[in-house]
Amino acid sequence: MREFGTVLTCMDGRIQRKVSDYLLTVFGVRNLDTITAAGMIRHVAADTDRTAMVLGDLDVSVAHHDSQDIAVVAHHDCAGNPTSDKVQRDQILEAMTRMRHRYPDSEVVGLWIDRNWTVERIRS
Ligand SMILES: [Zn+2]
């Protein structure tokens, strides 16, 4: 079993346990480096004032923890990214594309947490 995977996710406390439990299983890793921001997905899907800081943290996880699995997460009713579910799901796809381009050797997973707090894997 590998040691580390990485998740870029919202700081919202309602989703943390579900996201970690899901990804520890999917990635098959012992630990999950967890990088958070309010409405994280919008900072990964496009360049904002927070993007450089987020990617800097991600670089540490990849370079120093040898993480080879990266997840990007968005969720229903996000206070930090107050837009429609459809826009957020499109942002997940855009974020996945950007992460695959930046880290071509990594597996990139997108997750959507719906109104029932169910984890859905986004395929692209
Ligand atoms: Zn949120």
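Here are a few things to note about the model shown:
- Residue, surrounded by the most Cβ atoms within 10 Å (Cβ to Cβ), within segment 54-85, restricted to residues that are of a type outside the set (A, V, I, L, M) and assigned to a helix (DSSP H, G or I): S61
- All conditions in (1) more than 13 Å from the chain's Cα centre (by Cα); (2) assigned to a strand (DSSP E or B); (3) among the acidic types (D, E) hold for E120, with the sole exception of (1).
- When the residues of segment 8-34 are filtered to those that are crowded, with 20+ Cβ neighbours inside 10 Å and aliphatic (A, V, I, L, M), the one that is farthest from Q68 (Cα to Cα) is I15.
- In the set (1) away from the ligand (no atom under 16 Å from the Cβ); (2) β-branched (V, I, T); (3) crowded, with 18+ Cβ neighbours inside 10 Å; (4) closer than 20 Å to M11 by Cβ, the condition left unmet by V108 is number (4).
- Residues that are farther than 18 Å from F27 by Cβ and in contact (Cβ under 8 Å) with a residue 12 or more places away in the chain within segment 54-70 comprise V54, L55, listed in sequence order.
- So I70, is it within 16 Å of the ligand (Cβ to nearest atom) and in contact with a helix residue (DSSP H, G or I) (Cβ under 7 Å, 6 or more places away or on another chain): no
- Among the candidates G80, G39, G5, G13, residue that is in contact with a Pro (Cβ under 9 Å, 6 or more places away or on another chain) and either within 11 Å of the ligand (Cβ to nearest atom) or small (G, A, S) (or both): G39
- Yes/no for R50 being more than 22 Å from F4 (Cβ to Cβ) and more than 13 Å from the ligand (Cβ to nearest atom): yes
- When each of V44, V62 is tested for being in contact with a strand residue (DSSP E or B) (Cβ under 9 Å, 6 or more places away or on another chain), within 26 Å of R2 (Cβ to Cβ) and away from the ligand (no atom under 14 Å from the Cβ), the lone residue that passes is V62.
- Boolean, S20 is assigned to a helix (DSSP H, G or I) and more than 10 Å from the ligand (Cβ to nearest atom): yes
Just so you know, all these numbers are worked out from the coordinates, no wet-lab data involved. Given the structure is predicted, the values throughout are model-derived calculations rather than measurements. Note that each Cβ is placed from the backbone with ideal geometry, even for glycine, and that neighbours are counted across all protein chains shown.
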